[in-house]
Amino acid sequence: MLIKICLPASIHLKSDNAAHITGTSKTLTASKDMGVEAGLLNVTNTNLRTNSGNLHIQAAKGNIQLRNTKLNAAKALETTALQGNIVSDGLHAVSADGHVSLLANGNADFTGHNTLTAKADVNAG
């Protein structure tokens, strides 16, 4: 069963502590921009999508874990771990008309099958 949530504007999710976004083939779609910010962040079995904007994901204090997740941005897709690592397993990240950036202050670990695709640059590290 596929549940699709469509909103007409931008979506911004924020938590000062840990945030967990989990679903089974669930899609969260923003017509414009989407921003997700937390102390540390786990995204599992979820699709995050923008129809015409940017997708920004940031962990301010810890790691970002992306497991069996699809990140689709119409423009730029930026994922940043300011004080931790990015751990990815089964990530499918696409920017239709911009760049894909997965940057960590620590390590960027890609295990399993991961795909990073962009019209412009792909940066990971």
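A few comments on the model shown:
- Within straight-line reach of LYS61, meaning a Cα separation under 16 Å, sit the following lysines at least 8 residues removed in sequence or on another chain: LYS14.
- For the stretch 9-124, a simple Cβ point-charge model (Lys and Arg +1, Asp and Glu -1, everything else neutral) yields a dipole of about 280 debye relative to the Cα centre.
- Computed from Cα atoms alone, the Kirkwood hydrodynamic radius reported for the stretch 9-124 is 13.5 Å.
- Net charge over other residues, Cβ less than 14 angstrom from the Cβ of SER10 (K, R count +1; D, E count -1): +2
- Positive-end residue of THR50, THR117, ALA104, charge dipole of the chain with Cβ unit charges: THR50
- Rough spin-label spacing in nm, given labels placed 7 Å along Cα→Cβ, for LYS26 and LEU103: 3.1
- Highest-fluctuation residue, ASP89, ASP16, ASP97 considered, GNM on the chain with Cα pairs under 10 Å: ASP16
- Cα gyration tensor shape for the stretch 42-94, rounded if a/c is under 1.5, else prolate or oblate: oblate
- Rounded to the nearest whole Hz, the Karplus-based 3J(HN,Hα) values (6.51 cos²θ - 1.76 cosθ + 1.60, θ = phi - 60°) of the stretch 80-97 follow the sequence 9, 9, 5, 10, x, 10, 10, 10, 10, 8, x, 8, 10, 10, 9, 10, 5, 9, with x at glycine and proline.
Laboratory data are not the source of any read-out in this text; all were calculated from the coordinates shown. Keep in mind it's a predicted model, so treat the numbers as computed, not measured. Every residue, glycine among them, receives a Cβ derived from its backbone with ideal geometry; neighbour counts consider all protein chains shown.
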